[in-house]
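Enquirer: Got a structure for you, written out below as structure tokens; questions coming shortly.
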Amino acid sequence: MAQRCRPLRTGLLGLALALALPLAPARALEEVLVELPLLNTSLRVRLDELSSPEALLRGNSSLAELDRASRGQVGEALVALFHQRLPLSISRAAEASVGSPLLEQVLLLLSSFGSVEGVTPDVSGHTLERTLRRAMAEAPNGQPTLLEVMKAIPGQRARLNLSQAAVLLQRMLEQRTLADRLLARVPPAPAPTAASAAAPQGATAAPLRRLSQLPVAHRPQPLQLLLLEPQGNGNGRLVLISHGLWDSPTSFEGWGRRLAAAGYTVVLPWHPGSDQRQQHEVLSGQTPPPSPEELALRPLDLTAVVDAIGSGALRTGHPVDSQRVVVLGHSWGATTSLQLAGLVPTDSALLRRCGELNHPERNLSWTLQCSWTTAVKRAAINDGRIIAVVAVSPPMALLFPRGSGERLNTRVLLVSGSRDWVVPPDPEAIRPLLGVDLQGHQLVLAQGGDHFNLRPRDAADGGVLGALMLAWTDAAFGAGAKVHPAPGMAALLPSGPWGSATLPLVDVSPALGSGR
């Protein structure tokens, strides 16, 4: 089984290498050399041998020898893979993405896995576009196969170093060490009973769900909004929920349902420059990847909602107080919530570290954070109406200076999954808080949580974090003037049952002050 998987990976990595190839024209790619340092060997792959299973069996490369050893089974699988025709949208997507900071960061990361001999990597996307255009021009109906795209790559021989994958895997494991250590020291919060989870204290009937549109000055198109409102008498309090990159409010409807059932009015906007629809448009070549400007535009989406409710331009089923608001966010939406809380982005760490491919704290979220560099100075948006936020898995360590939370006037709850490989807990959530005065801010770790399983979807109980979201929101509104952080301020979260029966939730805040 391992023998079959390795050549398949080789073919896919070969295509990935086309994303970061030379600007200067050269011979078409003929051979890929896969270096396996851990095995002290290399696997040579000649592209012309992949034209058919018979050609591979007759070949003289390392891959051909492996195919003969498997009696042709490897060849059948590889030829089927490499002769799949690519959709026309790939070329359009490449053309629309040229020069995008996000694409450049992706290509920079890919370039660490290999190179074409004698040429300089191109992370602008121009070579990617030209390679696909060349392959399309020579292919029937303009749809080249994976093999034809690889043959169109400029250069004679490419080198892939699979040891880099082992390095990245080891780094990912090490970026969870502190989280595992803290989880072993602190007991989890108790989970609500089945009865209280199904019908939280103060709950009303199932919430009302409706869609709305809101014209805004900072975008050419109206914001699309999902509103979840309590039936009967609401409590007059407003909560906003911000989704992450290429996601949508429907992934977080469960949090809204849990809160609306307890009397809150909840608004979930689509962020049109980075939502699920924009992802579809990127992949189909209709638009480039998210612009750095989205770093500033996303929080403006939320402030526009609060403004509209306050002015009456956006009507809710019950009167709500727009001067005291709680914001919940996930991933990029969590970063958005921290901006609204008053954290001021800076570009100092971005400029210093974004080119360091081997930095021990580098993680996948740096790809997104480093794409924001040009917009950082326009992204400081402090909204004094926001009294508390929950930031679940926020990309933040490069964006916000260490210790900047000590100047906040808004209470913050960070949540991170111990198995999150997209925004890993140690560099992005734990290290920025070690040894600093938390001033009442808190960090909760979800044992076994990853970047996606903390989202509730449409679960009426709010999923893994439902009880936590309700407890924090209740505590924030109930704290009055004491909601503001200050030196020595007590934590907001009560000792009651806000945990989860699915994944243990642990408030590790008291263990962070020692710096260990």
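Enquirer: Please report, in debye to the nearest 20, how large the charge dipole of the chain is about its Cα centre when each Lys and Arg carries +1 at its beta carbon and each Asp and Glu carries -1 there.
Expert: 320
Enquirer: Suppose the chain between Ser52 and Ser284 were pulled fully straight at 0.36 nm per residue; how much longer would it get relative to their current alpha carbon spacing?
Expert: Fully extending the segment from Ser52 to Ser284 adds 80.5 nm.
Enquirer: To continue, here is another question. So how many Å³ per residue does the convex hull of the Cα atoms of the range 309-351 work out to?
Expert: About 111 Å³ per residue, rounded to a whole number.
Enquirer: OK, next. Given the C-alpha centroids of the range 464-516 and the range 39-75, what is the distance between them in whole angstrom?
Expert: The distance from the Cα centre of the range 464-516 to that of the range 39-75 comes to 58 Å.
Enquirer: Between Glu356 and Gln156, how high is the FRET efficiency from 1/(1 + (r/R0)^6) when r is the Cβ-Cβ distance and R₀ = 35 Å? Nearest 0.05.
Expert: 0.70
Enquirer: Taking just the C-alpha trace of the range 279-331, give me its Rg and Dmax in Å.
Expert: Rg then Dmax for the range 279-331, in Å: 15.4, 43.
Enquirer: Please work out the Kirkwood hydrodynamic radius for the range 190-321, using every pair of different C-alpha atoms, and report it in angstroms with one decimal place.
Expert: Averaging 1/r across every pair of different Cα atoms and inverting gives 15.8 Å.
Enquirer: Which Cα, out of Leu160, Leu438, Val266, lies furthest along the positive dipole direction of the chain (beta carbon charges, K/R +1, D/E -1)?
Expert: Leu438
Enquirer: Okay, moving on. Could you tell me what a quarter of the Cα convex hull surface of the range 277-391 works out to, in nm² with one decimal place?
Expert: 9.1
Enquirer: Could you work out the helix-only [θ] at 222 nm for the chain, with each DSSP H run of four or more residues adding -39,500 (n - 2.57) and the total divided by the number of residues, to the nearest 500 deg cm²/dmol?
Expert: -10000 deg cm²/dmol
Enquirer: Okay, moving on. Expressed as a whole percent, how much of the Cα-Cα distance distribution for the chain exceeds 45 Å?
Expert: In whole percent, the share of Cα-Cα pairs in the chain beyond 45 Å is 22.
Enquirer: Can you tell me the order of 275-283, 396-404, 215-223 when each peptide is scored by its average per-residue count of other Cβ atoms within 10 angstrom, highest first?
Expert: Packing proxy ranking, top to bottom: 396-404, 275-283, 215-223.
Enquirer: Using a basic spin-label model with each label point 7 Å from the Cα along Cα→Cβ, how many nm lie between Asn141 and Thr120?
Expert: Placing both labels 7 Å beyond Cα along the Cβ direction yields 4.1 nm.
Enquirer: Arrange the peptides 375-381, 139-145 so that the one whose residues have, on average, the most other Cβ atoms within 10 Å appears first.
Expert: Ranked from most to least packed, the peptides come out as 375-381, 139-145.
Enquirer: Still on this structure, please answer the following. Once phi is turned into ³J(HN,Hα) by the Karplus curve 6.51 cos²θ - 1.76 cosθ + 1.60 with θ = phi - 60°, what whole-Hz value does each residue of the range 292-301 show in order, with x for glycine and proline?
Expert: 3J(HN,Hα) across the range 292-301, in whole Hz: x, 4, 4, 4, 8, 6, 4, x, 5, 4.
Enquirer: Specify the inter-centroid distance of the range 274-341 and the range 387-404, based on alpha-carbon positions, in whole Å.
Expert: The range 274-341 and the range 387-404 have Cα centres separated by 17 Å.
Enquirer: Further, regarding this structure: Sequence gap at least 6, Cα distance under 8 Å: using those rules, report the relative contact order of the chain to the nearest whole percent.
Expert: The value is 15 percent.
Just so you know, all these numbers are worked out from the coordinates, no wet-lab data involved. Source: prediction; values computed, not measured. Cβ coordinates were reconstructed from backbone atoms using ideal geometry, including for glycine residues, and neighbour counts include every protein chain displayed.
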